[in-house]
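These notes are about the structure you will find just below.
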Amino acid sequence: MKKEFQLDPGAVILVVDDEELCRRNICHMLSDDNVVVLEAGCIEDGWKIATENSAVRIDAILLDRKLPDGDGFELLQRLRSISELKLVPAIIQSGMTDQADISRGMLAGAYHYLEKPYRRQTLRMLIHIATREGRERRYLVSKIAKTDDFLTLMKASEFEIRTFSDVDRITPYLAQMFPTPECAAIGISELLVNAIEHGNLEIGYQKKTELLDTNTWSSEVALRQADPRYNQRKVTIHLRQLPDRTELTISDEGSGFDWKKYEEISNDRIFDLHGRGIPLARNLCFDQCQYHDKGNSVTCVGIHSRRSI
């Protein structure tokens, strides 16, 4: 049975689409939700809305590819250069979904693809997930500045975690060790969540698809975390500081998975509501990110161009 959900109250969505009818249709689809929709018909208007009003905090961007003054990717790349905006999830509306285009979008920082035309429920669910993850990213990054500088003096350390709340607590500390902490925080969080969810709790890709479709993911996670088969499993984190790099290895106690299938987003998974974590970590968050053996261990690396440890 599918449960109803509500978008986060007060979420601000920037829609950049040159077709007024499309923008109006999106507003209509979201009219029953307590959200604010900002509209732009071209790259420059979208840029002005996003950058000239510091009082408005955008939670998600719905971006068309074909715009009068250029490719939507151009706006995405410009927004990614602004620290306050580079963490905002951007959903690409497009009919162009070949593998090269997908890869280009991921490298530009796209969060998801949405094929036109789409259903109201699909749009609402995707924006719900994107705004939630966007706010979680901002929270993690905000905690980095509050960590202690002396932690950067550590040469090596080991941690064990079990829950998603543990992920929120430890991610800012680990991210501080990397050359770009804001990007590292996103990648670390994604990989730790994967280790708990897909590794220790053994919620596979297809199972998560079903849980998201029925809005029962949270309840299934709670059940498995209370299950004796899973609740004693832990995720082990090994941190190592070298003169030129930071290495972080994350290992879970699950049965592993075919990680090579998920290094990039393939055409058959492009419109799924999840499955972005590993490509995001590999393409945007670390200099290197490599799974090992059966897939229950991954090492991510941040290269320090100039750093004395």
Only listed residue being of a type outside the set (Ser, Thr, Tyr), closer than 16 Å to ASP17 by Cα, free of Cβ contacts under 8 Å to residues at least 40 places away in the same chain and open to solvent by 80 Å² or more (accessible area, probe 1.4 Å), chosen from LYS48, LYS66: LYS48
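Take the residues in segment 270-309 that are basic (Lys, Arg) and free of Cβ contacts under 8 Å to residues at least 60 places away in the same chain; name whichever of them is least open to solvent (accessible area, probe 1.4 Å).
ARG282
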ILE82 versus (1) in a loop (DSSP other than H, G, I, E, B); (2) open to solvent by 70 Å² or more (accessible area, probe 1.4 Å): which is the lone unmet condition? (2)
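With respect to ALA175, is the statement that it is aliphatic (A, V, I, L, M), modelled with pLDDT of 90 or more and in contact with a Pro (Cβ under 9 Å, 6 or more places away or on another chain) true? Quick ask: steps written out before the conclusion?
Values: aliphatic (A, V, I, L, M): yes; modelled with pLDDT of 90 or more: yes; in contact with a Pro (Cβ under 9 Å, 6 or more places away or on another chain): yes.
Considered against the rule, which asks whether it is aliphatic (A, V, I, L, M), modelled with pLDDT of 90 or more and in contact with a Pro (Cβ under 9 Å, 6 or more places away or on another chain), ALA175 comes out as yes.
Which of the residues spanning segment 220-246 are under 26 Å from the mean Cα position of the chain (by Cα), hydrophobic (A, V, I, L, M, F, W, C) and open to solvent by 50 Å² or more (accessible area, probe 1.4 Å)? Quick ask: steps written out before the conclusion?
Here is the first cut: in segment 220-246, the ones under 26 Å from the mean Cα position of the chain (by Cα) are 220-225, 230-231, 233-241, 245-246.
Now restrict to residues that are hydrophobic (A, V, I, L, M, F, W, C): 221-223, 235, 237, 239.
Answer for segment 220-246, where residues must be under 26 Å from the mean Cα position of the chain (by Cα), hydrophobic (A, V, I, L, M, F, W, C) and open to solvent by 50 Å² or more (accessible area, probe 1.4 Å): ALA222, LEU223.
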Would you check if ILE82 is within 22 Å of ILE265 (Cα to Cα) and aliphatic (A, V, I, L, M)? no
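Quick one: in segment 274-293, of everything that is among the charged types (D, E, K, R) and part of a loop (DSSP other than H, G, I, E, B), which residue is farthest from GLU133 (Cα to Cα)? Show your work before the answer.
Taking segment 274-293 first, the residues among the charged types (D, E, K, R) are 276, 282, 287, 293.
Now drop any that are not part of a loop (DSSP other than H, G, I, E, B), which leaves 276, 287, 293.
Numbers: ARG276: 12, ASP287: 23, ASP293: 29 Å.
The extreme case among them is ASP293.
Quick grid of which residues meet (1) of a type outside the set (Gly, Ala, Ser); (2) in a strand (DSSP E or B):
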position	(1), (2)
LEU212	yes, no
VAL221	yes, no
ARG233	yes, no
ILE237	yes, yes
LEU248	yes, yes
LYS260	yes, no
ASP272	yes, no
GLY295	no, no
SER305	no, no
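Within segment 24-45, take every residue that is acidic (Asp, Glu) and open to solvent by 50 Å² or more (accessible area, probe 1.4 Å) and give me the one that is modelled with the lowest pLDDT. Even if it seems obvious, please write down each step before you answer.
Just the residues of segment 24-45 that are acidic (Asp, Glu), to begin with: 32-33, 39, 44-45.
Of the ones still in play, those that are also open to solvent by 50 Å² or more (accessible area, probe 1.4 Å) are 32, 39, 44-45.
On the way: ASP32: 85, GLU39: 96, GLU44: 96, ASP45: 96.
By that ranking, first place goes to ASP32.
The values are calculated or read from the model by the stated rules, or taken from the named source; none is laboratory data. Fair warning: this is a prediction, and the values are worked out from it, not measured in the lab. With ideal geometry, Cβ positions are generated from the backbone for all residues, glycine too; neighbour counts draw on all protein chains shown. Ligands, DNA and RNA are excluded from the accessible area calculation, which covers all protein heavy atoms including side chains. Shrake-Rupley method; radii C 1.70, N 1.55, O 1.52, S 1.80 Å.
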